[in-house]
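Here is the structure we will look at, set down as structure tokens.
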Amino acid sequence: MAEMFTKAAAYEKFMGRWSMHLAPLFLDFARVQSGTKILDLGCGTGSLVQTLADRVAGAQIVGIDPAQPAVDYCRKRFADRCMTFDCGNGMDLPYMDNAFDHSLSLLVFQFIPEPVKAAREMRRVTRPGGTVAACTWDSGAGGLEMSAIFWQEAAKLDPAADARAEKPKHCNRKGQLEALWHDTGLEGVEEIALELKTEFSCFDDYWLPFTGGVGPQGVYVNDLTPAHRNALRDQLRKRLLANRSDTPFSLGARAWVVRGVVPG
């Protein structure tokens, strides 16, 4: 899975706008307002790191991600900040027990092969009384509309497209994160849905990020012939704009978020 996200700058254009809007809502729910050391598991290009830096004064932030290009991107993006970025596996964190005041993860758990291991690792490295929180896109009809529309239109042109769509099997339905957090032994567990919208200035603002080769959609687009790629582009344009001129539009999303506290 990490190979799909090795083009950090392209990923930022593809998903960064969503992460940027979701991160503050996630932190509001997680109630992380203070702390001297905070872990961001699956830091990606740093949307949550940036929000943490803006909100939690003086915190030492540590990001970890399995994709080295994402780690390199963050190291350059935050070169003037007191932050650390490591390339590593969320299911086997290279940190000591109780090393962090809080451990967070934004839009990652649906891609982790063994989320139980990752949740237990987040608990292990978080001190008693610290918060452990995570967030994933809902995989249902109300999830990430940008992605759902893409695969619906792709399948109309290519029946095999449905098999290429990302279909996480865990942590992306109501109650799944909550059950995982309970099983991990965290206290005060709560799960809610967050709703948000993102604006697109024009059709190409929607389409061009898919051509960057990141995520399942980007890999799929890059594998298409030029004729098929143009047909998909036209199909999506018709779906989003109908007979209107190329004007701004918005798309919605729903995410599931969970928080819990490490027992004392």
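Laboratory data are not the source of any read-out in this text; all were calculated from the coordinates shown. Note that the structure is predicted; figures quoted are calculated from it, not measured. With ideal geometry, Cβ positions are generated from the backbone for all residues, glycine too; neighbour counts draw on all protein chains shown.
Would you work out which of ALA165, LEU27, LEU48 lies farthest towards the positive end of the dipole of the chain? Charges go on Cβ: Lys and Arg +1, Asp and Glu -1.
ALA165
Which trypsin sites (Lys or Arg not before Pro) in the stretch 120-202 sit in a loop by DSSP (not H, G, I, E or B) and have at most 14 other Cβ atoms within 10 Å of their own Cβ? Write down the numbers at each step before the final one.
On the way: sites: ARG120, ARG123, ARG124, LYS156, ARG164, LYS169, ARG173, LYS174, LYS197; in loops: LYS169, ARG173, LYS174.
When the trypsin sites (Lys or Arg not before Pro) of the stretch 120-202 are filtered for loop state and at most 14 Cβ neighbours within 10 Å, LYS169, LYS174 remain.
In which sequence would ARG239, ARG77 go, from the one with the fewest C-beta neighbours within 10 Å to the one with the most? Don't skip to the answer; put the middle values down first.
On the way: ARG239 13, ARG77 17.
Starting with the residue having the fewest Cβ neighbours, the order is ARG239, ARG77.
Mind putting a number on the dipole of the chain about its Cα centre? Charges go on the C-beta only, +1 for Lys and Arg and -1 for Asp and Glu, and I need it in Debye to the nearest 20. Provide the component values of the computation, followed by the final result.
Numbers: 30 positive and 32 negative charges, 54 e Å.
It comes to approximately 260 debye.
Cβ under 11 Å from ASP86's Cβ, ASP86 left aside: what net charge do those residues give with Lys, Arg +1 and Asp, Glu -1? Intermediate values should be presented prior to the final figure.
Details: positive: ARG75; negative: ASP40, ASP65.
Residues near ASP86 contribute -1 overall.
Is the shape of the stretch 171-224 best called rounded, prolate or oblate, per the rule: a/c under 1.5 gives rounded, else a/b larger than b/c gives prolate, else oblate, with a ≥ b ≥ c the square roots of the Cα gyration tensor eigenvalues?
Details: a/c = 4.94, a/b = 2.15, b/c = 2.30.
It is oblate, given that a/c is not under 1.5 and a/b is not larger than b/c.
Please compare each pair in LYS13/LYS37; LYS76/LYS156; LYS117/LYS238; LYS76/LYS174 to a cut-off of 32 Å on the Cα-Cα distance and tell me which ones are over it. Can you show the working numbers first?
Working: LYS13/LYS37 29 Å; LYS76/LYS156 41 Å; LYS117/LYS238 43 Å; LYS76/LYS174 37 Å.
Over 32 Å Cα-Cα: LYS76/LYS156; LYS117/LYS238; LYS76/LYS174.
Please compute, over every Cα-Cα pair in the chain, the percentage with a separation greater than 30 angstrom. Intermediate values should be presented prior to the final figure.
On the way: 9625 of 34716 pairs.
Summing the P(r) tail past 30 Å for the chain gives 28 percent.
Using the Cα atoms of the stretch 177-264 to build a convex hull, what is its mean projected area in square nanometres? Let's see the in-between values first.
Values: hull surface 33.1 nm².
Computed as one quarter of the Cα hull surface, the answer is 8.3 nm².
Most exposed first by the Cβ proxy, i.e. fewest other Cβ within 10 Å, how do LEU186, LEU104, LEU196 rank? Show your work: numbers first, answer last.
Working: LEU186 22, LEU104 30, LEU196 14.
Final ranking by Cβ density, sparse to dense: LEU196, LEU186, LEU104.
Can you tell me the FRET efficiency between ARG75 and HIS182 if r is taken as the Cβ-Cβ distance and R0 is 35 Å, rounded to the nearest 0.05? Don't jump to the answer; show the numbers that get you there.
Details: r = 36 Å, r/R0 = 1.03.
For ARG75 and HIS182, the calculated efficiency is 0.45.
Quick one: putting +1 on the C-beta of Lys and Arg, -1 on the C-beta of Asp and Glu, what dipole do you get for the stretch 166-264 around its Cα centre, in Debye to the nearest 20?
Working: 13 positive and 13 negative charges, 97 e Å.
About 460 debye.
Considering Cα pairs under 8 angstrom that are at least six residues apart, work out the relative contact order of the chain and quote it in whole percent. Working shown, then result.
Values: 500 pairs, mean separation 60.2, N = 264.
Contact order relative to length: 23 percent.
Among ARG237, ARG259, rank each residue by its count of other Cβ atoms within 10 Å, from fewest to most, as a rough exposure measure.
Working: ARG237 16, ARG259 25.
Starting with the residue having the fewest Cβ neighbours, the order is ARG237, ARG259.
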